[in-house]
Amino acid sequence: MIRNKVKTFKHRIGKNKYLVVKIFQAAAAETRGGNALATNALNIKISKRKRRHKNQ
């Protein structure tokens, strides 16, 4: 992996909220003999945080 950069943005359109994740990735592989594999595969897990309610 040469470079990995992640940007996240929140957009609101009407009552709907959208989370946009932009991932910039670069990979390279090099060999003199045999096999080399450069992959740009990634795993993303997005979870919503639970909000704590204050006691009033």
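Every residue, every condition in (1) modelled with pLDDT of 80 or more; (2) over 21 Å from the mean Cα position of the chain (by Cα); (3) among the acidic types (D, E), yes or no:
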position	(1), (2), (3)
V6	yes, no, no
K17	yes, no, no
R32	yes, yes, no
K45	no, no, no
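Candidates are the residues of region 17-46 that are hydroxyl-bearing (S, T, Y) and not in a strand (DSSP E or B); the one that is nearest to R3 (Cα to Cα) is T39. Return the residues of region 1-17 that are surrounded by fewer than 10 Cβ atoms within 10 Å (Cβ to Cβ) and touching a Leu at 6+ places or on another chain (Cβ under 7 Å); say none if nothing qualifies. Listed by number, the list holds a single entry, K10. Among the residues of region 1-16, those that are part of a strand (DSSP E or B) and either within 30 Å of L37 (Cα to Cα) or aromatic (F, W, Y) (or both) comprise R3, N4, K5, V6, K7, T8, F9.
The values are calculated or read from the model by the stated rules, or taken from the named source; none is laboratory data. Here the structure is a predicted model, which means the values were calculated and not measured. In this analysis, Cβ positions are derived from the backbone assuming ideal geometry, glycine residues included, and neighbour counts consider all displayed protein chains.
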